[in-house]
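The values are calculated or read from the model by the stated rules, or taken from the named source; none is laboratory data. The structure presented is a predicted model; accordingly, all values stated were derived computationally and were not measured. Glycine also receives a Cβ, built like all others from the backbone with ideal geometry; neighbour counts cover every protein chain displayed. The accessibility values were calculated without ligands, DNA or RNA, using every heavy atom of the protein model including side chains. Shrake-Rupley method; radii C 1.70, N 1.55, O 1.52, S 1.80 Å.
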Amino acid sequence: MPKRVRKAVLPVAGLGTRFLPATKVIPKEMIPVIDKPVVQYAVEEARAAGIEEFVFVTADGKESIANHFSVHPVLEAMLAEKKKTAELKLIQDATLPSGGLHMVKQHEPLGLGHAVWCAWQLIGDEPFAVILPDDMVLSDTPCLKQLIDAHQKVGGHVVAVENVARDQTNRYGILDVQSEEGNIAKAKGLVEKPDPAKAPSTLAIIGRYILDPIVFKELDKRTKGAGNEIQLTDALNRTIGDVPFHGYRFEGTRYDCGTRVGFVEANVAFGLANPEMKDRLRPIIERLLVESKS
Ligand code: G1P
């Protein structure tokens, strides 16, 4: 039986240039969808899946992420005094327990593989999760929980996958599928951002991974791949054969908050999924759709 997954790595060092000017001083991960920073959705999903320790791989200017998940004594005292218990709970729920929050600096933007490598000392020799907060998932069972449950059965590396349009394969890590059974696709290879004409399938990795720590030794070689970056996909590909590699077709819908249109889509989708908001939001969206045609 594989070891329990207790730790998650969240690469949050990116500059967020697609969202300038919003990201001039605010980290892109701190921009809210509805009323919560994007990164908090990732942390809540992970905690609901049993993750206890979080390693944020950060860069200069990202201090507000650590602050967001820390205690805020002044605000808490003020809300307690004013008996604003609901608001107090909201900010306390966003606090990670002592010992559960680690920050590690990535000094140079050398790629996702390098960002994950930066967490090696804090993860050690146990299976761990990687969550890319830009990918948000709406699902009945938290996406990461689905992956952890699958990992309990098959071990090795398990990544969340979904089919994408063929002309989109150059935006993702793509699986070379060996066999499929139910929701699980066994891969014999992986390619980072292949040209649509050369992609071995259209089954794409989205930003949720359960990884065997063997990947750190491969990342330590600092081999560069697509875009001249140290790619996580390439390192994982080189470990196939040493440990099993499976893609898991998760239940749920993914929203790509890494693009501006995807970000707007996520706000609408999460708004429509919000019980307090959906009944008022639906007629507004319908009216806006009619008005935008005229
Ligand atoms: C990264 C990974 C890619 C994966 C994608 C999921 O790409 O390198 O393999 O499919 O995340 O969102 P990025 O979006 O950082 O270019």
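Averaged over its residues, region 74-193 has an accessible area of 50 Å² per residue, based on protein heavy atoms and a 1.4 Å probe.
Taking packing as the residue-averaged number of other Cβ atoms within 10 angstrom, the listed peptides 239-248, 81-90, 97-106 run from highest to lowest as 239-248, 97-106, 81-90. For region 64-74, 3J(HN,Hα) computed residue by residue from phi via the Karplus equation (6.51, -1.76, 1.60; θ = phi - 60°) reads 5, 5, 4, 4, 4, 9, 10, 5, 10, x, 5 Hz, glycine and proline entered as x. Protection proxy ranking of 127-133, 220-226, 199-205, 275-281, by the mean of other Cβ atoms within 10 Å over each peptide's residues and highest first, is 127-133, 199-205, 220-226, 275-281. The alpha-carbon of Lys62 sits under 21 angstrom from the alpha-carbons of these lysines, leaving out residues fewer than 8 places away in its chain: Lys7, Lys24, Lys28, Lys36, Lys105. For the peptides 13-24, 109-120, the ranking by packing is 109-120, 13-24, with the highest mean count of neighbouring Cβ atoms within 10 Å listed first. Summing Cβ point charges (Lys, Arg +1; Asp, Glu -1) relative to the Cα centre of the chain gives a dipole of roughly 240 debye. Note on Lys186: lysines with a C-alpha under 20 Å away, same-chain residues under 8 apart excluded, are Lys145, Lys153, Lys198.
Think of it as helices only: each DSSP H run of n ≥ 4 in the chain is worth -39500 (n - 2.57), and spread over all residues that comes to -9500 deg cm²/dmol at 222 nm. Inter-part distance, region 34-65 to region 131-162, computed on C-alpha centroids, equals 16 Å.
Under 5 Å from the amide H of Ala119 lies no amide H of any residue 5 or more positions distant or on a separate chain, with H modelled from the backbone and absent for Pro and chain starts. Surface exposure of region 199-289, expressed per residue as accessible area with a 1.4 Å probe, stands at 49 Å².
Model label sites at Glu180 and Asp60, defined 7 Å from Cα along the beta-carbon direction, differ in position by 4.7 nm. For Asp195, neighbours were defined as the other residues whose beta-carbon sits under 11 Å from its Cβ, and their charges (Lys and Arg +1, Asp and Glu -1) total +2. Remark: region 133-227 carries a charge dipole of roughly 340 debye about the Cα centre, counting +1 on each Lys and Arg Cβ and -1 on each Asp and Glu Cβ.
For region 174-221 and region 252-267, write down the distance between their C-alpha centroids in whole Å. Taking the Cα centre of region 252-267 as reference, the centre of region 174-221 is 22 Å away.
Contact order, relative form, for region 141-294: 26 percent (alpha carbon pairs under 8 Å, 6 or more residues apart, mean separation divided by residue count).
For region 265-274, 3J(HN,Hα) computed residue by residue from phi via the Karplus equation (6.51, -1.76, 1.60; θ = phi - 60°) reads 4, 4, 4, 5, 5, 5, x, 5, 8, 8 Hz, glycine and proline entered as x. Converting the Cα gyration tensor eigenvalues of the chain into ellipsoid dimensions via √(5λ) gives semi-axes, longest first, of 31, 24, 19 Å. Just the protein heavy atoms count here, and of the accessible area of the chain at 1.4 Å, carbon and sulfur take up 54 percent. Please list, in order, the residues from region 197-225 whose amide nitrogen is less than 18 Å from a point placed 7 Å along the Cα→Cβ vector of Lys188. Inside the label zone: 198-203. Residues of region 54-69 with an amide N closer than 19 Å to a point placed 7 Å from the Cα of Gln121 along the Cα-to-Cβ direction: 54-60.
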